[in-house]
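None of the figures in this text is laboratory data; all of them are computed from the coordinates on show. In this text, all values refer to a predicted model and were calculated from it rather than measured experimentally. Using ideal geometry, Cβ is built from the backbone for each residue, glycine included, and neighbour counts are taken over all protein chains shown.
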Protein chains: 2
Amino acid sequence: MQTANPARRSSLQRMLVSRIVEAAHDHPTAHSVFERARRKMPSISLGTVYRNLQLLADQGVVLERKVGRRPARYEANRHRHYHICCVECGALEDLPVPYQKLLDRRVQRMVRYRLQEHRCEFYGVCPRCQTSARQQARPTAIARIRSPG
Amino acid sequence: MQTANPARRSSLQRMLVSRIVEAAHDHPTAHSVFERARRKMPSISLGTVYRNLQLLADQGVVLERKVGRRPARYEANRHRHYHICCVECGALEDLPVPYQKLLDRRVQRMVRYRLQEHRCEFYGVCPRCQTSARQQARPTAIARIRSPG
DNA sequence: CTAGTTGCAAAGCGTTTGCACTACG
DNA sequence: CGTAGTGCAAACGCTTTGCAACTAG
């Protein structure tokens, strides 16, 4: 962490990271952002990408999504929406389901938390993984279900 | 990972880990399960606890919940429910909101995933952290919102 | 017997951080 | 100029894994 509440200063690196996430529509990981950034600025370091992603997430410019043990994925903070995640390959996609404000209201009524938002992820096996699963040995008595974690 | 689809064998360690999670109502971390297990069986190792938690999660006996970068938390697989999580201290609590099967149906209609379930977490600041926040320096122009990650 | 399970310790992975240097304002 | 930001590499925290010994079936 940097200083408690630093007076922000702009840097090429930060602008680049920000631009990359804004432009991306595939929920890139930090490493993936790093690789894209490197094409424009070969000297940029992974640490800097992490620092800026974290900074931008704190500012609310980008959103960070962690699923299970997989590396965090980032996206521009456009509008609230839900995701679907493949339990096999970790693919992450947006869902065109409206944010259920009603749920927030319901929950706010039953707890004494200062409620901010909710996040909802759907889990399943993506078409591609369904196909590749069929090519492997047939499932045993109890189908093995990988936990989303 | 152990063998692809091993014929399971019982062990005192596995039964112990299982019993501990079944009995717990505080969403313990692996380390916390380990410490409880150690009281009954001082020789048990952390690695074994992890292995068994993972095994039990794969079998669906326990559920694993990861929030942000914090260590995974485990609970018995009783019924589907949602959680609320404090963005400050990481506290995790069950919510008495019914599982929204309707959402699963809606989503299943719009994607070609083989849908398994959804998970929903609400984020906010718990009463305790609201209090301790007040004791600190007053917030600056833009209130700092910690991302749930 | 023999393959699943264990304890131990080392490795792995994504992420964070200490440091000396750079550069924004 | 002072201080936030950077690149680098080492450290971190949680988790997984290789291995030899052990044990349930």
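Tabulated values for the structure
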| read-out | value |
| --- | --- |
| 10 Å Cβ neighbours from other chains, averaged over peptide B:102-114 | 5 |
| Net charge over other residues, Cβ less than 9 angstrom from the Cβ of B:Pro28 (K, R count +1; D, E count -1) | -1 |
| Chain B residue with Cβ closest to the axis mapping B onto A, distance in whole Å | B:Cys120, 2 |
| Copy-to-copy label separations for B:Asp58, where each label sits 7 Å from Cα toward Cβ, in nm and ascending | 4.0 |
| Entries in A:Lys40/B:Lys66; B:Lys40/B:Lys101; A:Lys66/A:Lys101; B:Lys66/B:Lys101 that, when Cα-Cα distance is taken, lie over 30 Å | A:Lys40/B:Lys66; B:Lys40/B:Lys101 |
| Net charge, B:Arg65 excluded, C-beta distance under 11 Å - Lys, Arg +1, Asp, Glu -1 | 0 |
| Local electrostatic count, A:Ala76, Cβ distance below 11 Å [Lys/Arg +1, Asp/Glu -1] | 0 |
| Shielding score for A:47-55, defined as the mean number of other chain Cβ atoms within 10 Å | 0 |
| Euclidean distance between Cα centres, region A:65-117 to region B:9-75, Å | 26 Å |
| Alpha-carbon Rg/Rh ratio, for region A:1-136, with Rh computed the Kirkwood way | 1.03 |
| Other-copy label distances relative to A:Lys40, 7 angstrom Cα-Cβ extension, nm | 5.6 |
